[in-house]
Amino acid sequence: MVNAFTGGFRVTQTKLAINKVVSDDVTSAALESAQVVALAILVREQMDPAHFAVLYRPFATVLPGPGYQPPPPVDRQIAAFLARLPTLSGPTEAEAAAVAKALSEPPKAAGTVAAPALKPTKGFEPSALYQAAWKGVIEAANKSGRTMAFRATQDGAEMAAPHDGSGIVGHAGVAAGGIFMRDVLPVEQVLLLYEPFAAAFPYESLL
């Protein structure tokens, strides 16, 4: 079964199906995500539920995964996020900072001496998507008349995040702002804004 999801005719079929709904630029990435999800489903019973939820995330907006439960009330979810932020340290904090930096800065051209950097798929730039999602959150808050509460949520997360130079303070505010406005945003935008913290404490664990 593993081989069926990672090679051969079935992969060709899957790639063709994916290519019908997304551009050529992202077909390979989408196929890889589909393979990861399929393998995770095969071994789901041996996995931590939160870890499985993270692996399944690319497809959660179109097809909820096994055992899917709707998210808790926004206030409770934000409180859980704020409670976890001060616990960030060591490798988990370093990973959060690295992801935050990657989402904030466009990729730089490869140097002539160093090994060539990985090039993003044409037309797919995470930092541009991240910035666009954040602009959408701000616009949604303004249009819905919730700007003050939105800013208070953002400030609370920034205060709770570690102030140790890791560079995640502002991103904590962005993540909290995305959660606060989740009822008027596509869930994939909320997950993108939360991404720096997804490995430390998965979005699905904010119960």
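Could you derive backbone 3J(HN,Hα) for region 76-92 from the dihedral phi with the Karplus parameters 6.51, -1.76 and 1.60 (θ = phi - 60°), listing whole Hz in sequence and x where the residue is Gly or Pro?
5, 5, 5, 4, 5, 5, 5, 5, 7, 3, x, 7, 5, 6, x, x, 5
Percent of accessible area on region 156-196 owned by carbon and sulfur, 1.4 Å probe?
Using a 1.4 Å probe with all protein chains present, region 156-196 comes out at 58 percent carbon and sulfur.
Note down the Stokes-Einstein diffusion coefficient of region 135-207 in µm²/s, whole number, using a Kirkwood radius over alpha carbon pairs, 20 °C, and 1.002 mPa s.
Roughly 173 µm²/s, to the nearest whole number.
The values are calculated or read from the model by the stated rules, or taken from the named source; none is laboratory data. Just so it is clear, the model here is predicted, and its values are computed rather than measured. In case anyone asks, the SASA skips ligands and DNA or RNA and just uses the protein heavy atoms, side chains included. Shrake-Rupley method; radii C 1.70, N 1.55, O 1.52, S 1.80 Å.
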